[in-house]
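A.B. asks: If you scroll down you'll find the structure; I have some questions about it.
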Amino acid sequence: MTLLKWTTERLSEATTPTHEKVLVITNDVDIAATPPDLTGVDVVILDFPLFKDGRAFTQAQGLRKAGFQGDIRATGDLFHDQMGLAVRCGFTSFDLNAELDADAVTQSILRYGLFYQRAARGAPVWERRT
């Protein structure tokens, strides 16, 4: 269900066969300007229509800053070396392109364990010092 349809029809048609309540947000929606009411939503799907279009990274961060705790799923044109950043921005699942190797994606996500910048989840390394 798209954000526009969600705001007009709410959860009436937004369920999947597994009974998850899913909301699809197109990448032209400014989450920071108008955070959607995600009460009852289990999964938000954010799209990367082109490799060079990274607006979904910002949208994921905005959803986490707004307090959304559910699954944020990435779909579209992503490469394995972008997956670590996607996780740091708040994505929790991926609808992977058939060309991507799952092992390469996992290695990309786990490659770095310490960061100096803040992320959607977790503290930067300088805040963990004792």
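The values are calculated or read from the model by the stated rules, or taken from the named source; none is laboratory data. Predicted, not measured: the structure shown is a model, and the values here were computed from it. All Cβ positions, even for glycine, are placed from backbone atoms using ideal geometry, and neighbour counts span all protein chains on display.
A.B. asks: Identify the single condition in (1) at pLDDT below 85; (2) touching a strand residue (DSSP E or B) at 6+ places or on another chain (Cβ under 9 Å); (3) surrounded by fewer than 18 Cβ atoms within 10 Å (Cβ to Cβ); (4) not hydroxyl-bearing (Ser, Thr, Tyr) that residue 53 does not satisfy, given that it satisfies every other one.
C.D. replies: Of the numbered conditions (1) at pLDDT below 85; (2) touching a strand residue (DSSP E or B) at 6+ places or on another chain (Cβ under 9 Å); (3) surrounded by fewer than 18 Cβ atoms within 10 Å (Cβ to Cβ); (4) not hydroxyl-bearing (Ser, Thr, Tyr), the odd one out for residue 53 is (1).
A.B. asks: Of 92, 75, 58, which residue is farther than 18 Å from residue 29 by Cβ and either surrounded by fewer than 17 Cβ atoms within 10 Å (Cβ to Cβ) or at pLDDT 70 or above (or both)?
C.D. replies: Criteria check complete, one pass: 92.
A.B. asks: Considering segment 51-83 alone, what residues qualify as being assigned to a strand (DSSP E or B) and on the phi > 0 side of the Ramachandran plot?
C.D. replies: Result: 76, single match.
A.B. asks: Would you please name the residue that is nearest to residue 85 (Cα to Cα), looking only at residues in segment 42-71 that are touching an Asp or Glu at 6+ places or on another chain (Cβ under 9 Å) and of a type in the set (A, V, I, L, M, F, W, C)?
C.D. replies: Among those residues, the one meeting the criterion is 56.
A.B. asks: Give the residues of segment 1-33 that are under 19 Å from residue 90 (Cβ atoms), among the hydroxyl-bearing types (Ser, Thr, Tyr) and at pLDDT below 80, sorted by residue number.
C.D. replies: Those that are under 19 Å from residue 90 (Cβ atoms), among the hydroxyl-bearing types (Ser, Thr, Tyr) and at pLDDT below 80: none in segment 1-33.
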